[in-house]
1. When only DSSP loop residues count, what chymotrypsin sites (Phe, Trp or Tyr not before Pro) in the range 49-127 have their Cβ near at most 16 other Cβ atoms within 10 Å?
2. If you average the sequence gap of Cα pairs under 8 Å that are 6 or more apart and divide by the length of the chain, what percent do you get for the contact order?
3. Students often get this wrong, so check it: of 43/130; 102/154; 19/152, which have C-alpha atoms separated by over 32 Å?
4. Can you return the aspartates and glutamates within cross-link range of residue 100? Criterion is Cα-Cα under 13 Å, with same-chain partners fewer than 8 residues away left out.
5. Kirkwood hydrodynamic radius, the chain, all distinct C-alpha pairs: what's the number in Å?
6. Please list the helices of the chain that count as membrane-span-like by this rule: a mean Kyte-Doolittle hydropathy of at least -1.0 together with Cα atoms stretching 18 Å or more along the helix axis, each helix being a complete DSSP H run.
7. Any number yet on Rg/Rh for the range 3-61, C-alpha, Kirkwood?
8. Sequence neighbours fewer than 8 away in the same chain don't count; with that in mind, list the aspartates and glutamates whose C-alpha is under 15 Å from residue 31.
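Bear in mind these aren't lab numbers, they're just calculated from the coordinates by the rules spelled out. Here the structure is a predicted model, which is why all the values come from computation and not from measurement. Every residue, glycine among them, receives a Cβ derived from its backbone with ideal geometry; neighbour counts consider all protein chains shown.
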Amino acid sequence: MHMEEIVEKILPRYTPEKKDGLIPILQEVQKEQGYLTEEAVEKIGKYLNLPVNKIYGVAAFYDQFRFRRAGHFHVQICHGTTCHLFGASTYLNEIEKQLKIKAGSTSRDRRFSLEIVNCLGACNQAPVLKVNDTYYPMVTPDDLTRIIRTIKEKTE
């Protein structure tokens, strides 16, 4: 489905006068198209009568929203205080090395993308890694190797 069709299908479910629909709209659009395009943000802004910069501000505040297409396997590594103390930086370096991409980017073949997030909401299970919709709590170096090997095998 084309981006315009996606947004036009979602918007009528929300009342334009109710600005509290912004986050659910953004969530639905991202779920359908994988990320938030400039065109989608503009259409949402017109529908809700909100400035585009306000929408970007809200979306940028939350780690769940992306403005670029993610890879088939979107890897998120938590870099909150607790995860940082439990070695997230070391894990990040290892992930970058094994997937051959830097944080904030997507591999050329779009198989992998890597993102550092401020918090995945599981501080008591640090360090935490998320691949697509699957959380990996209390990741050890062996777990990390196994997780990366598994996702690489799934794309070969």
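1. Working: sites: 56, 61, 62, 65, 67, 73, 86, 91, 112; in loops: 62, 65, 67, 86.
Loop-located and lightly packed - 62, 67.
2. Once normalised by length, the contact order is 19 percent.
3. From 43/130; 102/154; 19/152, over 32 Å: 19/152.
4. 109
5. Values: mean 1/r = 0.0596 Å⁻¹.
Roughly 16.8 Å, rounded to one decimal.
6. Values: long enough: 141-155 (22 Å, -0.91).
Correct list, ordered by number: 141-155.
7. Values: Rg = 10.0 Å, Rh = 11.1 Å.
The Rg/Rh ratio comes out at 0.90.
8. Answer for residue 31, where 15 Å is the Cα cut-off: 4, 5, 8, 63, 133, listed by chain and number.
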